[in-house]
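Following: one structure in structure tokens, then a few remarks.
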Amino acid sequence: MPLTLDHSYARDLQGLYVPWQGQDWPDPQIVLRNDALAHRLGLDVAALDAGLLTGHALPATARPLAMAYAGHQFGGFSPQLGDGRAILLGEVVDNDGARWDIHLKGSGRTPFARGGDGRAVLGPVLREYLISEAMAALGVPTTRALAACTTGDRVLRQNGLEPGAVLARIGASHLRVGTFQFFAARGEADKLRQLADYAIARHDPDLTGTPDCYVRFLQRVAARQAQTVAHWMGLGFVHGVMNTDNTTISGETIDYGPCAFMDRYDPATVFSSIDHQGRYAYGNQPAIIFWNLARLAEALLPLIDTTQDRAIARASDVIAQAQDHYRAAWLDVFARKLGLAAPDAALIEDMHQLWSGQGVDFTSFFRALPDALRGDLTRLRALFDDAAALDPWLATYRTLADADTPARVTATNPIYIPRNHLVDAALNAANGGDMAPFMALLARVQAPFTPIDGAEDYAQPAPRDTPELVTYCGT
């Protein structure tokens with residue numbers, strides 16, 4: 001059965017896109033297709049062929065387009081960015097009535113390409129597939145990978161010629177903070193209101209037509225993003241490029257370019273090849289999300305109140321509330337990781353101080369806690385450069401634990417995450433034509449809490465002498 005697509009974005013948001021076709025490719029082939037996700041969305045898997053999934057050959061119901069948006073990139077504002085190498089095919093409505101975008105990344109140059117070649121390569125496409133699926137399995141709001149395909153061409157990147165590829169991904173929408181900045185920067189208040197009404201109808205329909213709907217919408221977006229970043233912090237996840245055009249209205253994590261999971265705890269951890277100042281380091285992510293939300297608040301000021309001073313005051317209150325929301329979410333995330341019935345702020349803050357300068361592997365620390373609570377400190381002490389530093393904190397933790405704490409810790413903390421050295425090895429093998437290491441790693445991170453006999457190496461950090469990982473955005 002042909003894929004049936006709807007096009008609310010194209011219908012409702014004239015002036016925010018350019019109709020655009022994907023590139024013709026010499027030999028599009030499916031490398032991976034997420035059939036389980038397709039079934040969940042009510043899609044006919046047979047309709048998801050390589051032609052559709054690369055933008056090469058589309059059904060009659062497709063109205064592909066390149067989305068326009070603006071954005072602050074590393075703090076500098078660009079009034080026009082947009083999908084330079086991607087197209088939105090349209091939307092599907094699942095069996096529960098939820099609407100999902102189908103978006104193709106790497107589908108060729110668009111009018112927003114800004115000098116880029118419009119292409120993607122296999123390594124970054126598989127990275128996004130792997131890490132977005134890991135995040136979904138870990139309970140983090142995220143876009144999802146529907147498929148990874150090769151195109152049959154070769155693309156020049158920093159490592160030479162690499163296989164060209166396209167990622168097909170699903171999202172609750174691809175509306176971003178930068179989408180609102182696009183119209184706000186142009187002073188087009190009517191189109192800004194049209195966009196806000198569309199976003200509310202799509203993501204917060206209960207607010208439609210209500211008093212103060214725009215400031216309440218800002219509150220909802222801020223709460224979603226605060227919760228998402230708290231999830232990131234609880235996993236040691238470093239997004240790497242938290243520009244406003246990569247900050248979604250849905251609260252979903254998007255654009256897994258130079259991202260990675262931190263092994264040994266260090267708030268200054270950066271993986272991106274272009275983040276020379278550490279703007280988007282692990283420890284800076286909470287401050288950056290508030291900064292990004294403030295940019296959304298600025299864009300919405302004309303809708304929040306007709307008097308600018310009142311609008312600024314109301315929007316500022318929302319950003320302050322978002323900081324309180326984040327603090328509560330962050331404490332809750334780490335309380336659950338520690339298996340506590342309620343957060344203990346002093347214990348959690350002291351734990352982060354305890355890790356400082358100790359070379360502690362973030363994920364392994366939590367996996368070692370159940371044994372320590374039962375009296376076996378071997379694994380936990382081995383994580384510290386100075387094991388004696390652990391004792392005062394552990395003594396306090398034990399006073400707050402109960403008989404069920406070890407089981408709660410085990411159930412909450414992943415065994416398997418996309419360890420950087422494993423991801424690197426899997427992607428290198430895939431670029432050479434061997435998908436087996438990638439598929440084995442994907443299976444582990446899609447079931448991160450389930451122990452597998454013989455998979456112990458997947459739970460271990462890289463040796464200490466492993467070179468620092470450097471990731472690239474893939475453009």
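The values are calculated or read from the model by the stated rules, or taken from the named source; none is laboratory data. Just so you know, these numbers come straight off a predicted model, no measurement behind them. Cβ placement follows ideal geometry from the backbone for every residue including glycine, while neighbour counts extend to all protein chains displayed. Just so you know, the surface numbers come from the protein's heavy atoms only, side chains and all, with ligands and any DNA or RNA stripped out. Shrake-Rupley method; radii C 1.70, N 1.55, O 1.52, S 1.80 Å.
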Residue match in the stretch 155-163 (condition: in contact with a Phe, Trp or Tyr (Cβ under 7 Å, 6 or more places away or on another chain), surrounded by fewer than 20 Cβ atoms within 10 Å (Cβ to Cβ) and under 25 Å from Tyr9 (Cα atoms))
no
Please list, ordered by first then second residue, the pairs with beta carbon atoms under 7 Å, 6 or more apart or interchain, first in the stretch 139-154 and free of Cβ contacts under 8 Å to residues at least 60 places away in the same chain, second open to solvent by less than 10 Å² (accessible area, probe 1.4 Å).
Arg154/Gly164
Is there a residue being in a loop (DSSP other than H, G, I, E, B) and either of a type in the set (Lys, Arg) or surrounded by 22 or more Cβ atoms within 10 Å (Cβ to Cβ) (or both) anywhere in the stretch 90-101?
no
Among the listed residues Glu133, Glu128, which satisfies the condition of being crowded, with 18+ Cβ neighbours inside 10 Å, under 19 Å from Asn428 (Cβ atoms) and charged (D, E, K, R)?
Glu128
Filter the stretch 32-46 down to residues that are open to solvent by less than 50 Å² (accessible area, probe 1.4 Å) and in a strand (DSSP E or B), then give me how many there are.
1
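For the stretch 300-395, which helices (runs of 4 or more DSSP H) that fit wholly inside it have 2 or more residues that are within 30 Å of Thr208 (Cβ to Cβ) and of a type in the set (Lys, Arg)?
Working: elements: 308-337, 345-355, 362-373, 378-382.
Answer list for the stretch 300-395: 308-337.
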How about the stretch 5-31: which of its residues are of a type in the set (D, E, K, R), within 16 Å of Gly171 (Cα to Cα) and part of a loop (DSSP other than H, G, I, E, B)?
none
All but one of (1) closer than 30 Å to Leu354 by Cβ; (2) assigned to a loop (DSSP other than H, G, I, E, B); (3) open to solvent by 10 Å² or more (accessible area, probe 1.4 Å); (4) of a type outside the set (Phe, Trp, Tyr) hold for His231; state the number of the condition that does not hold.
(2)
Residue by residue through the stretch 414-447, note down the ones that are in contact (Cβ under 8 Å) with a residue 60 or more places away in the chain, outside any helix (DSSP H, G or I) and either under 16 Å from Val121 (Cα atoms) or open to solvent by 60 Å² or more (accessible area, probe 1.4 Å) (or both).
Met435, Gln446
Considering each residue of the stretch 339-362, count those that are within 29 Å of Asn292 (Cβ to Cβ) and open to solvent by less than 10 Å² (accessible area, probe 1.4 Å), and give that number.
4
Being in contact with a helix residue (DSSP H, G or I) (Cβ under 7 Å, 6 or more places away or on another chain) and surrounded by 23 or more Cβ atoms within 10 Å (Cβ to Cβ) narrows it down to one of Thr244, Thr269, so name that one.
Thr244
For the stretch 234-266, name all the residues that are within 22 Å of Ala120 (Cβ to Cβ), touching a Pro at 6+ places or on another chain (Cβ under 7 Å) and in a loop (DSSP other than H, G, I, E, B).
Gly240, Val241, Glu252, Gly257
Looking only at residues in the stretch 396-413 that are open to solvent by 60 Å² or more (accessible area, probe 1.4 Å) and part of a loop (DSSP other than H, G, I, E, B), which one is nearest to Val121 (Cα to Cα)?
Asp404
Pair list, Cβ < 6 Å and 6+ apart or interchain, from the stretch 47-74 residues that are without any contact (Cβ under 8 Å) to a residue 60 or more places away in the chain and assigned to a strand (DSSP E or B) to residues that are open to solvent by less than 30 Å² (accessible area, probe 1.4 Å) and hydrophobic (A, V, I, L, M, F, W, C)
Leu65/Ala10; Leu65/Leu88; Ala66/Ile87; Ala66/Phe112
